[in-house]
Amino acid sequence: LFADETGETPGDYLRRIRLEAAAERLRWTQQRVGDIATSIGYASQPSFNKAFERRFGMRPLAFRRDRVRFPNEPTASVPDKQVRLIDSAGLRLLARRYVGAPCFVPDYWADFLPALPEDLSVPGAHLYVGILHDDMRFTPPEQCRYDCCIAIGGTLADTAADGAWPELSPVTLKAGLCASIRYRGYYAASDAPDEGQSISHAYSHLLDTWLTHSRYTFAGDYAAEIYAVPPSRCAPQDLECTIMVQVR
């Protein structure tokens, strides 16, 4: 059943997810290769090196230095390059998982919002959160995972805990230190008139440029996009969000 749904066996899926997580840590942290290998479940660095080379065509240290096969995105079009450190209080969310190329994220929101239960569907009453789990450079675009989420609290959280909305999954954004950047503009380059701007450029500035030259290190498994108005409820050029990643 798992292979029918995902196109991969459970073992292949887990192996791929682990190695892609290792690629992100190699790119955005200064962790030693052996520590990364252990953190994703490999018993030895040599076995990790072999598995990583089979997946990405190069050994981990070569991958860490490479900017040709896996280049940074251009950042000239990023409107606000200031990165801010914030102490996030965390959020309780209800989510629906989508899988596919990140350029389809506005379509995911267009599907997610009309299907929300009545108690959650009042415009402006909630924060909306997108959770991006994968980098399209390291993960095949058709396998990138994105969660459309709505923030809940109080009685709604209690209602969700009672299983009132089984079609939505509970997710928690952990509290802690985050690096954040504000973004305004087109989500996907294909939506921009000259294809010269997309949210991926802001991600690259935050992760590939700022984080790798800062004293902080990537400490999470995802990036979160915080919206007051989600993508499908605004004009493409007026999209605004705060991108946050956990750091330590």
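The values are calculated or read from the model by the stated rules, or taken from the named source; none is laboratory data. Not measured: the values here are computed from a predicted model. Every residue, glycine among them, receives a Cβ derived from its backbone with ideal geometry; neighbour counts consider all protein chains shown. For the accessible areas, the whole protein counts, side chains as well, though only heavy atoms, and no ligand, DNA or RNA atoms are used. Shrake-Rupley method; radii C 1.70, N 1.55, O 1.52, S 1.80 Å.
Of the trypsin sites (Lys or Arg not before Pro) found in segment 149-235, those that fall in a DSSP loop while having at most 16 other beta-carbon atoms within 10 Å are Lys174, Arg215.
In plain terms, the chain from Arg248 to Ala43 could stretch by 71.3 nm, reckoned as 0.36 nm per residue minus the Cα-Cα distance.
Applying Stokes-Einstein at 37 °C and 0.692 mPa s to the Kirkwood radius of segment 186-248, computed over alpha-carbon pairs, gives a translational diffusion coefficient of 254 µm² s⁻¹. Using bins of 5 Å that start at zero, the share of Cα-Cα pairs per bin across the chain amounts to 1, 6, 12, 16, 18, 17, 14, 9, 4, 2, 0, in whole %.
Average 1/r across all pairs of distinct alpha carbons in segment 169-216, invert it, and you get the Kirkwood radius: 12.8 Å.
List every DSSP H helix in the chain whose Cα atoms extend 15 Å or more along the helix's own long axis and whose mean Kyte-Doolittle hydropathy is at least -1.0. In the chain, the long hydrophobic H runs are 10-28.
Across Ser190, Ser88, the residue with the most accessible area heads the list, and the full order at a 1.4 Å probe is Ser190, Ser88. By definition, a body whose alpha carbon gyration tensor gives a ≥ b ≥ c is prolate when a/c is 1.5 or more and a/b is larger than b/c, and segment 84-169 fits this prolate description. A compact globular protein would have a Cα radius of gyration near 2.2 N^0.38 Å; the ratio found for segment 110-248 is 1.12.
Summarised as an ellipsoid, segment 24-76 has semi-axes of 22, 13, 8 Å, derived from the eigenvalues of the Cα gyration tensor scaled by 5 and square-rooted, with the largest first. Maximal additional length on extending the Arg69-Asp238 stretch stands at 57.6 nm, based on 0.36 nm per residue less the C-alpha distance. If you take the square roots of the eigenvalues of the alpha-carbon gyration tensor of segment 8-118 and sort them as a ≥ b ≥ c, do you get rounded (a/c under 1.5), prolate (a/b over b/c) or oblate? Prolate. Extension gain for Ala164-Glu118 works out to 15.4 nm (0.36 nm per residue, less the C-alpha to C-alpha distance).
Loop-resident chymotrypsin sites (Phe, Trp or Tyr not before Pro) (DSSP state other than H, G, I, E or B) in segment 1-50 with no more than 13 further Cβ atoms inside 10 Å of their Cβ are absent.
Model label sites at Ser190 and His213, defined 7 Å from Cα along the beta-carbon direction, differ in position by 3.2 nm.
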